[in-house]
Amino acid sequence: MKDRIRRILSLILLAVTIAILMCVGVGTFNLPSAAAAIQVLEESPDRILYQSRHKFQDNRGNAWQVVFFKRVEADESPSLNLRLVAFPGTADFAHPQPLKIKTKTGKQFEAEDLFAEAAPTANVGQYNLENILDRLPSFASIDLVTTMKDDRTVALKIPSEVILEWQTIAGY
C-alpha cells in the first residue's frame, strides 16, 4: 500500500513539475507541435507502463510516431525502449540493425535492435535505450538515424524537451 501511495505522490509531483516548466518555459522552449504528456497505464496489478508519444517528420518529410516507454514488472528490472513507427508502405526497417543516436557535441551511440529476430510489421522498429538514455544531453536535440531495406537513410530530429521527458520516465 505504501508503494502505491508513494507512486501516486510521485506522479502528482511530476505533473506539477511539468506544468511549472511549461508555464515558465513559454516562449523559451521550442516545443514540437505534437507535445505529449507522460501516460501511465496499469497493465495488470504488478505491471505498469510509463510512456510518451510524439509525432515527428523525418529528413524526407514522412511522418513518424516516436514512442518511448518504460515497463515495470514485479521482481524484474524495468526496460527502457524506444519504438519508431512509420506509416505502412513508407518505410521498411532493415532488421537487425542498431539505431544510431547522434548528439550535437559529436557523440554517437548505438541502440540495440529489439526486433532483430521478428518485428510485428515491417514499418516498426524497437530499440533498447537502457545503457544510453542517461548519457544523452537534456539541453540539446539529438538525431536518430537508421537505414531502411531500400538503403535510404532516415533521420529524425528529437528536441531536448522530449529527451528530458524520456529521462523523467526513466527515473520512475
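The values are calculated or read from the model by the stated rules, or taken from the named source; none is laboratory data. Please read these numbers as outputs of a predicted model, since none were measured by experiment. Glycine gets a Cβ as well: all are built from the backbone with ideal geometry, and neighbour counts include every protein chain shown.
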(1) out of contact with any His (no Cβ under 9 Å at 6 or more places or on another chain); (2) under 23 Å from Val40 (Cβ atoms); (3) assigned to a strand (DSSP E or B) all hold for Val66 apart from (1)
Tell me which residues, restricted to the range 132-151, are closer than 16 Å to Arg83 by Cα and loosely packed, with under 15 Cβ neighbours inside 10 Å. Thr147
Just to verify a result, which residue in the range 48-104, among those that are farther than 18 Å from Asp143 by Cα and of a type in the set (Phe, Trp, Tyr), is modelled with the lowest pLDDT? Phe87
Within the range 135-160, can you find the residues that are more than 18 Å from Lys70 (Cβ to Cβ) and part of a helix (DSSP H, G or I)? Ser160
Would it be correct to say that Ile38 is more than 30 Å from Asp150 (Cβ to Cβ), at pLDDT below 95 and touching a Phe, Trp or Tyr at 6+ places or on another chain (Cβ under 8 Å)? yes
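Mind telling me which of the residues Val154, Val162, Val124, Val85 ends up being more than 28 Å from Val40 (Cα to Cα) and crowded, with 17+ Cβ neighbours inside 10 Å?
Val154
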